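Following: one structure in structure tokens, then a few remarks.
FYI, it's all coordinate maths here, none of it is from the lab. Keep in mind it's a predicted model, so treat the numbers as computed, not measured. Here the Cβ positions follow ideal geometry from the backbone for every residue, glycine too, while neighbour counts run over all protein chains shown.
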Amino acid sequence: MRVAMMLYAGFQLLEVSGPMDVFHQANRLYGGVLYEAHLIGPSPGPVFSSNGTAVGTTECLFDTRPPFDIVVVPGSPVVGSAREHRKLVDWLSDAGPRTHRLACISNGAFLLARAGLADRRWLTTHWRDADRLAAEYPLVHVMSNPGCLKDGNLYSSGGASAGIHLALSLVREDLGEHAAGTIATALLTPPAGSAKRARNN
């Protein structure tokens, strides 16, 4: 399956690395490349995340070969105006309808909404951005409570940690509950309060 991870200036690094780790672990369990990762940026070369880390692209927007099986759009700490990331939004508008499964993490929801891919569909985002998303895109049904939400082939999550669970839900559909549970055990920390107190010698 071809997975497109969309990169743009100021994206949240954890919202890319978390899902990518899930897909990598799934490949290890599968014993082959089930999820073929494509890191897609606006132009060739590195794209700088919000914390200054540069991530190299494997291809740029208009050199891609849609359709993709999965497209993932991460969020950013700052959600700008509708004029930002116009090339990415145009690409999503064109490629999105041909994509088997669309996913966004936190306020990456704004980019899908700008592309017209969430009209009359349910979408979640980070709780701080939910009111603004609903106000700017009244055709989108915004739900701010769930960590992850699925509406048909549209998947969304409320934040970076929920983005890992979103990727796990995609893997669960493909490989089953046992595989998703194995990956979750490998990547996620135990629930809060389960750590043992260290003893002094």
Exercise. Where is the GNM fluctuation largest for the chain (alpha-carbon springs, 10 angstrom cutoff): 34, 188, 61?
Worked result: 188
For this session: Divide by every residue of the chain the summed helix terms, -39500 (n - 2.57) for each DSSP H run of at least 4, and state the resulting mean residue ellipticity at 222 nm, rounded to the nearest 500 deg cm²/dmol.
Result: -10000 deg cm²/dmol
Problem set entry | Within the chain, longest stretch free of exposed trypsin sites (Lys or Arg not before Pro) [DSSP loop, at most 15 other beta carbons within 10 Å] | 1-82
For this session: Distance between Cα centroids, the stretch 10-38 to the stretch 119-158: provide it in whole Å.
Result: 24
Exercise. Taking amide hydrogens as modeled 1.01 Å from N in the peptide plane, which residues meet the under 5 Å criterion relative to residue 47, leaving out close sequence neighbours?
Worked result: 55, 56, 57
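Listed highest first by mean packing, meaning other Cβ atoms within 10 Å per residue, what order do 71-77, 49-55, 159-165 come in? Before the final figure, lay out each step's value.
Numbers: 71-77: 24.7, 49-55: 13.7, 159-165: 22.0.
Order by mean packing, descending: 71-77, 159-165, 49-55.
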Problem set entry | GNM result for the chain, Cα springs below 10 Å: residue of 33, 171, 89 fluctuating most strongly | 33
Exercise. Can you run phi through the Karplus equation (6.51, -1.76, 1.60; θ = phi - 60°) for the stretch 73-81 and list ³J(HN,Hα) in whole Hz, with x for Gly and Pro?
Worked result: 10, x, x, 9, x, 10, 9, x, 6
Exercise. Among (i) 27, 20, 18; (ii) 40, 21, 14; (iii) 33, 19, 16, which is the computed semi-axes √(5λ) of the Cα gyration tensor in Å?
Worked result: (i)
